[in-house]
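Quick notes on the structure that follows.
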Amino acid sequence: MNTMWFSPAKINLFLYITNVRKDGYHNIQTLFQLLNYGDTIYITPNNSGKIKLLTHMPHISYSQNTMIHAAKLLKRKAQYLINHSLPLGVNISIKKNIPIGGGLGGGSSNAATILLVLNKLWNIKFKLSTLIKLGEQIGSDVPVFITGKTSIAEGTGNILYPIKTKKKWYLISYPKIKISTKKVFSHPKLKRNSKKKCITLLLKMPFKNDCEQLITKKFRKIKNLITWLSKYAPSRITGTGSCVFSEFNSKQDANKILSILPSNIFGFITSSTNTSMLYRQL
């Protein structure tokens, strides 16, 4: 039994906030680009009935961890719909590669990986649509990781249109700043009035991120990083930051800039993918 599973990162090639809904959530239009870079999660199912996290994660409590949340949601759903006495237990550990609070979707991806893998290993066999509904209870970015396809997203991120993008190489630069997505979306000066556009037009326009102006005003280090990187390649924040991605046509070109990245910035090179590597495992 395979106990080692991939949990991919993403970047937002563009992100527009079109309005605020009555329920307080934001309607967006974004392009989720999946990457061949991510965390490794070790998942070992058992019949103990207990969901255990074996990796100490000092900045995230057990109850707030998205992997635990996902496992508990799936277990409750399975016991309710299939058999309330199912002894569904699991031991989970993780090797974190995706920076926390960097806008790369690590927590959402981890939750999606747990839902997909335990659905298989616990032999529950829920449809993808059921897993997506569970994922929406955890976070708005979880559904795209469940579908495992690079996609344009609308609504709160739950309406997905899979698309194929050309392979690119990305230098991801992390300025070691953790940014709360919740705080960004609740900020009074966040741009929230982008006009909704058709997909064809979205793909033809220069890509932008409505969060970038607010983030760079608040964090000088990120603004300076974007300015420096933009001398070499198109560069902007992903999601609500703090990671900045720079786009290249070749790995060699990306590595040249990685080699001269300031020493106080963590960076890595990855390629884009239209299908999550997790789906190749599943």
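Data for the structure
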{"quantity": "Test: residue 93 is without any contact (Cβ under 8 Å) to a residue 60 or more places away in the chain and hydroxyl-bearing (Ser, Thr, Tyr)", "calculated": "yes"}
{"quantity": "Checklist (1) under 24 Å from residue 239 (Cα atoms); (2) in contact (Cβ under 8 Å) with a residue 60 or more places away in the chain applied to residue 74, failing item", "calculated": "(1)"}
{"quantity": "Criterion (closer than 25 Å to residue 59 by Cα and either under 21 Å from the mean Cα position of the chain (by Cα) or assigned by TED's automatic domain parsing to the domain that holds residue 258 (or both)) met by exactly one of 198, 211", "calculated": "211"}
{"quantity": "Unmet requirement for residue 189, which otherwise passes all of (1) surrounded by fewer than 17 Cβ atoms within 10 Å (Cβ to Cβ); (2) part of a strand (DSSP E or B)", "calculated": "(2)"}
{"quantity": "Flag if residue 195 is touching a Phe, Trp or Tyr at 6+ places or on another chain (Cβ under 6 Å), surrounded by fewer than 20 Cβ atoms within 10 Å (Cβ to Cβ) and in contact (Cβ under 8 Å) with a residue 24 or more places away in the chain", "calculated": "no"}
{"quantity": "Helices (runs of 4 or more DSSP H) within the stretch 192-282 that include 3 or more residues out of contact with any Pro (no Cβ under 8 Å at 6 or more places or on another chain) and over 18 Å from residue 36 (Cα atoms)", "calculated": "199-204, 212-218, 220-229"}
{"quantity": "Test: residue 125 is assigned by TED's automatic domain parsing to the domain that holds residue 245, over 25 Å from residue 27 (Cα atoms), part of a loop (DSSP other than H, G, I, E, B) and not acidic (Asp, Glu)", "calculated": "no"}
{"quantity": "Single residue of the stretch 86-112 satisfying the filter (in a helix (DSSP H, G or I) and among the hydrophobic types (A, V, I, L, M, F, W, C)) that is surrounded by the fewest Cβ atoms within 10 Å (Cβ to Cβ)", "calculated": "111"}
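Each row is one residue, and each column tells you yes or no for (1) within 23 Å of residue 108 (Cβ to Cβ); (2) modelled with pLDDT under 95; (3) of a type in the set (Gly, Ala, Ser).
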site: 208; (1), (2), (3): yes, no, no
site: 217; (1), (2), (3): no, no, no
site: 229; (1), (2), (3): no, no, no
site: 233; (1), (2), (3): no, no, yes
site: 257; (1), (2), (3): no, no, no
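Conditions (1) under 15 Å from the mean Cα position of the chain (by Cα); (2) part of a loop (DSSP other than H, G, I, E, B); (3) buried (at least 18 other Cβ atoms within 10 Å of the Cβ), marked per residue:
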site: 144; (1), (2), (3): yes, no, yes
site: 152; (1), (2), (3): yes, no, yes
site: 157; (1), (2), (3): yes, yes, yes
site: 171; (1), (2), (3): no, no, yes
site: 184; (1), (2), (3): no, no, no
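The values are calculated or read from the model by the stated rules, or taken from the named source; none is laboratory data. Everything quoted here is computed from the prediction, not taken from an experiment. FYI the Cβ positions are ideal-geometry reconstructions off the backbone, even for glycines, and counts take in every protein chain you see.
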